[in-house]
Amino acid sequence: MTARTLESDARGGIPRTATFRDPQIEMAHGAGGKATRRLVETLIAPILLDRAAQLGDAAVIDVGRQVVAMTADAFVVQPLTFPGGSIGTLAVHGTVNDLAVSGAVPKALLVTFVLEAGLPGDILEAEVRAIAQAAQHAGVVIVGGDTKVVEHGKADGMYVTTAGIGIPDPRACLSASAVAPGDRILLSGPIGDHGVTVLLARGQVALDAELRSDTRSVWPLVNRMLAAAGAGVRWMRDPTRGGVATALNELAQDTGLAIALYEEDVPVREEVRGVSEILGLDPLHIANEGQFLAVVAPDYADVAVAALRATPGGEQAAIVGEMREQPTGTVIACSSYGTTRVIDMLVGDPLPRIC
Amino acid sequence: MKYVDEFRDPRLIQRAADEIRTLAASDRQFRIMEVCGGHTHAIYRFGLDTLLPSNVELIHGPGCPVCVLPMGRLDAGLSLAADHGAIFTAFGDVMRVPGRGGTPLQHKARGTDVRMVYSPLDALEIARQEPKRHVVFFAIGFETTAPSTALTIRRAQDLDVRNFSVLSNHVTILPAIKAVLDSPDMRLDGFIGPGHVSTVIGSRPYEFIARYYRKPVVVTGFEPLDLLQGIAMLLRQMREGRVTVENQYARVVADDGNAAALRALDEVFELRTFFEWRGLGFISQSALKIRERYATWDAERRFNVPAIEVTDPVAAQCGEVLKGALKPHQCKLFGRECTPERPVGALMVSSEGACAAYFGRAARQGAAASLAAAGASR
């Protein structure tokens with residue numbers, strides 16, 4: 001998470017009242033759910049960030065005459081490679097997507113490696129090549145970085161961090177404070193592919209499924225949506241760790257509104273549903289690396305979905321919910337048979353390290 | 001998805017809900033206990049309670065393995081890792097249960113070798129891969145999971161893996177139901193019988209509930225339609241004045257259960273004289289210990305596991321909630337000191353626990369009303 005410093009918002013800002021009381025750091029603090037949010041909001045942000053800063057996917061700052069978007073992301077996934085991608089491709093797409101959903105055209109990346117002594121050279125080379133290829137595909141240049149090596153046993157092969165810079169797209173006028181009741185919630189495609197693929201790739205569950213990580217740049221989709229309906233797009237987020245449920249809860253809390261989620265309209269592949277049923281996971285809590293959520297004004301929603309569906313990789317885009325006035329700060333799933341349930345943020349850590 | 005989608009069909013669900021409303025149309029209250037935590041989870045996951053008329057009340061029973069696990073057993077299990085350098089393995093459900101020294105995950109964060117497994121066979125596999133370490137599998141669950149523990153112990157014997165043992169906390173469902181029925185605060189009208197446990201033990205063992213306690217039982221599956229049909233079957237029995245054990249889940253549960261699983265259980269386990277249930281206290285003949293002939297794989301025999309008794313926080317009212325005497329939100333700690341993220345009592349830990357399932361319900365009830373008013377229910 002990074003701060004949007006240019007945006008001033010009377011409703012938002014970082015809460016200062018709470019203090020971080022957790023005695024130690026646990027895996028849940030890195031899982032992207034409630035504990036992560038508490039760590040960032042009550043310890044890291046109050047000390048490091050400007051009081052008016054808003055937490056978002058990228059910071060938008062004024063450097064001289066140019067406004068730029070900046071973000072950074074770290075990758076500690078195990079295993080290093082999995083069907084559909086690897087730590088290298090994730091490292092590019094994670095940062096590119098944080099820029100894209102902030103309404104910025106991704107431009108350049110810095111890449112830093114933390115390598116464990118003993119890592120085979122060919123594995124590192126494969127990841128460096130994966131980074132080069134993913135960057136070329138995503139239309140960003142790698143402009144530098146750093147390399148460090150730690151003792152054997154002190155890191156799982158390799159960790160990668162990327163920092164990215166992008167140029168805010170004039171067609172995007174995102175502002176969480178503009179989100180209003182009646183706005184529609186769009187989802188770019190099926191959820192849970194990444195989290196479930198990585199879980200199965202770890203080989204701890206004796207299940208097989210024809211699944212691939214969805215890791216990709218979402219910029220082509222965002223680009224087409226902004227072209228078709230830019231004026232109506234108010235908010236975007238890529239639902240990575242913590243999944244769609246966590247991203248929507250953050251939206252509900254940040255806007256002080258409610259979200260009605262039409263659960264049956266959320267696209268989920270059969271394989272992901274099956275594995276989730278067997279393991280007792282909720283696809284809404286599972287990580288994605290190539291999807292995004294958008295809040296779009298009602299008059300623009302159909303155009304925006306049509307634009308996504310007409311773009312390769314966006315065929316299953318759907319309207320999955322809408323903003324409501326009440327009950328504030330809550331995500332409610334509505335079923336087609338008339339029942340409702342509260343969708344909470346991810347609590348704890350349902351899965352091993354996935355990004 | 002086969003065997004799932006047909007049991008989530010909106011039209012069939014509506015029809016079942018209508019049937020329940022017709023059957024329950026009277027001025028009396030129907031108090032039905034779903035024994036199994038899996039049912040509690042499904043009821044809230046699908047919001048089924050919102051489909052029931054207000055005089056049909058669901059009470060969440062003791063069939064949540066994590067919820068009835070006494071804190072002292074967890075501390076004893078973790079002490080094997082701390083004092084004997086063992087690798088502590090358990091299902092994910094156990095990982096967030098607080099013991100006196102914190103949850104297994106908190107122990108792990110401090111460096112204890114705690115590993116989550118999806119099956120006891122995975123724990124045995126760790127023992128084979130790390131022959132110099134001892135691996136303890138912290139076994140929990142009812143008759144549903146106990147057979148896989150039994151088979152794992154037999155496999156350890158077949159493969160002669162001696163650096164592996166099981167700390168058995170397996171419990172049996174019938175004494176727990178009996179404890180609820182014998183409780184003075186008991187005001188139940190019928191039981192939704194556990195689906196998964198019954199795949200092993202069958203539906204016959206519940207007959208004493210109908211015969212001696214005069215309460216109807218319907219063994220039920222876990223999909224929305226299953227549960228609504230199960231409730232309708234109970235209401236029909238009550239309406240017609242019948243008291244019997246019926247099986248809604250016949251596509252999975254046989255009357256006599258699974259003979260192979262029962263044989264494995266009997267071969268490896270025997271009943272303990274007493275076992276502590278969190279919230280319910282000591283119940284006789286209610287838990288499984290490993291038989292003498294498998295002593296090599298019994299952590300209690302190998303390590304002289306300390307009998308740690310830990311009392312629950314005084315303010316926590318887990319026992320009353322577990323017996324259905326209190327609703328979760330009536331507990332003094334509910335939603336304040338005790339939340340799913342920072343659970344005090346185990347009922348708040350597992351998504352099968354009554355309190356965790358109940359959490360957020362108040363918000364949802366307000367939500368349902370305002371969404372309906374706004375025309376958002378679809």
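The values are calculated or read from the model by the stated rules, or taken from the named source; none is laboratory data. Everything numeric in this text was worked out from a predicted model, so none of it was measured. Note: ideal-geometry Cβ built from the backbone for every residue, glycine included; neighbour counts use all protein chains shown.
State all residues of the stretch A:198-228 that are basic (Lys, Arg) and closer than 30 Å to A:Ala301 by Cβ; if no residue qualifies, say none.
A:Arg212, A:Arg216, A:Arg224, listed by residue number.
Determine whether A:Ala180 is modelled with pLDDT of 95 or more and either farther than 23 Å from A:Gly313 by Cα or within 14 Å of chain B (Cβ to nearest Cβ) (or both).
Taking the combined requirement at face value, the residue satisfies it.
Output yes when any residue across the stretch A:154-164 is crowded, with 21+ Cβ neighbours inside 10 Å, outside the structural domain of A:Leu55 (by TED's automatic domain parsing) and assigned to a helix (DSSP H, G or I), and no when none is.
no
Tell me, please, whether a residue that is surrounded by fewer than 17 Cβ atoms within 10 Å (Cβ to Cβ) and closer than 30 Å to B:Tyr118 by Cβ can be found in the stretch A:185-203.
Yes, that holds for at least one residue.
Are there any helices (runs of 4 or more DSSP H) wholly within the stretch A:240-350 with 1 or more residues that are facing chain B (nearest Cβ under 9 Å) and out of contact with any Phe, Trp or Tyr (no Cβ under 8 Å at 6 or more places or on another chain), and if so which?
A:270-279
Of all the residues that make up the stretch A:42-73, how many are out of contact with any strand residue (DSSP E or B) (no Cβ under 7 Å at 6 or more places or on another chain) and not in a loop (DSSP other than H, G, I, E, B)?
9
Out of A:Gly338, A:Gly256, A:Gly329, which single residue is surrounded by fewer than 18 Cβ atoms within 10 Å (Cβ to Cβ) and without any contact (Cβ under 8 Å) to a residue 24 or more places away in the chain?
A:Gly338
Within the stretch B:1-48, work out how many residues are surrounded by 13 or more Cβ atoms within 10 Å (Cβ to Cβ), part of a loop (DSSP other than H, G, I, E, B) and touching a strand residue (DSSP E or B) at 6+ places or on another chain (Cβ under 8 Å).
Total satisfying the criteria: 2.
Which residues, taken from the stretch B:110-126, are within 22 Å of A:Pro23 (Cβ to Cβ) and either assigned to a loop (DSSP other than H, G, I, E, B) or outside the structural domain of B:Asp75 (by TED's automatic domain parsing) (or both)?
Residues satisfying the conditions are B:Arg110, B:Gly111, B:Thr112, B:Asp113.
Report the residue count in the stretch B:87-109 for those that are in contact with a strand residue (DSSP E or B) (Cβ under 8 Å, 6 or more places away or on another chain) and either small (Gly, Ala, Ser) or part of a loop (DSSP other than H, G, I, E, B) (or both).
Selection size over the stretch B:87-109: 3.
Pairs please, first residue from the stretch B:330-342 and within 22 Å of A:Pro23 (Cβ to Cβ), second anywhere and in a loop (DSSP other than H, G, I, E, B) and among the β-branched types (Val, Ile, Thr), Cβ atoms under 8 Å, 6+ apart in sequence or on different chains.
Sorted first by the residue in the stretch B:330-342, then by its partner, the pairs are B:Leu333/B:Val344; B:Glu337/B:Val344; B:Cys338/B:Val344; B:Pro340/A:Val347; B:Pro340/B:Val349; B:Glu341/A:Val347.
Please find, among A:Lys107, A:Lys148, the residue that is basic (Lys, Arg) and within 29 Å of A:Met225 (Cα to Cα).
A:Lys107
Filter the stretch B:82-95 down to the residues that are surrounded by 22 or more Cβ atoms within 10 Å (Cβ to Cβ) and more than 13 Å from every other protein chain (Cβ to nearest Cβ) and list them by number.
B:Ala86, B:Phe88, B:Ala90 - these are the residues of the stretch B:82-95 that are surrounded by 22 or more Cβ atoms within 10 Å (Cβ to Cβ) and more than 13 Å from every other protein chain (Cβ to nearest Cβ).
Can you find a residue in the stretch B:98-116 that is away from every other protein chain (no Cβ under 12 Å), surrounded by fewer than 18 Cβ atoms within 10 Å (Cβ to Cβ) and out of contact with any helix residue (DSSP H, G or I) (no Cβ under 9 Å at 6 or more places or on another chain)?
Scanning the stretch B:98-116, I find no residue that is away from every other protein chain (no Cβ under 12 Å), surrounded by fewer than 18 Cβ atoms within 10 Å (Cβ to Cβ) and out of contact with any helix residue (DSSP H, G or I) (no Cβ under 9 Å at 6 or more places or on another chain), so the answer is no.
Suppose we keep only residues that are more than 16 Å from B:Lys323 (Cα to Cα) and at pLDDT below 90 within the stretch B:28-42. Which one would you say is farthest from the chain's Cα centre (by Cα)?
Only one residue fits best here, namely B:Ala42.
Among the candidates A:Arg234, A:Arg212, A:Arg224, which residue alone is touching a residue at least 12 places away in the same chain (Cβ under 8 Å), among the basic types (Lys, Arg) and either assigned to a loop (DSSP other than H, G, I, E, B) or buried (at least 24 other Cβ atoms within 10 Å of the Cβ) (or both)?
A:Arg212
Being out of contact with any Pro (no Cβ under 8 Å at 6 or more places or on another chain) and not in a helix (DSSP H, G or I) is the filter; apply it to the stretch B:145-162 and report the residue that is farthest from B:Pro65 (Cα to Cα).
Of everything passing the filter in the stretch B:145-162, B:Asp160 is farthest from B:Pro65 (Cα to Cα).
With a cut-off of at least 1 residues that are among the aliphatic types (A, V, I, L, M) and surrounded by fewer than 21 Cβ atoms within 10 Å (Cβ to Cβ), name the helices (runs of 4 or more DSSP H) lying wholly within the stretch B:233-332.
Per the criteria, B:259-268.
Looking only at the stretch B:223-259, which residues are touching a residue at least 12 places away in the same chain (Cβ under 8 Å), of a type in the set (Gly, Ala, Ser) and farther than 24 Å from B:Arg31 by Cα?
Within the stretch B:223-259, B:Ala254, B:Gly257 meet the criteria.
Before we move on, is B:Gly63 within 17 Å of the chain's Cα centre (by Cα), under 30 Å from A:Glu264 (Cα atoms) and at pLDDT below 90?
Judged against the criteria, B:Gly63 is a match.
Restricting attention to the stretch A:1-31, which residues are under 30 Å from A:Asp62 (Cβ atoms) and either modelled with pLDDT of 85 or more or part of a strand (DSSP E or B) (or both)?
Listed by number, the residues that qualify are A:Thr2, A:Ala3, A:Arg4.
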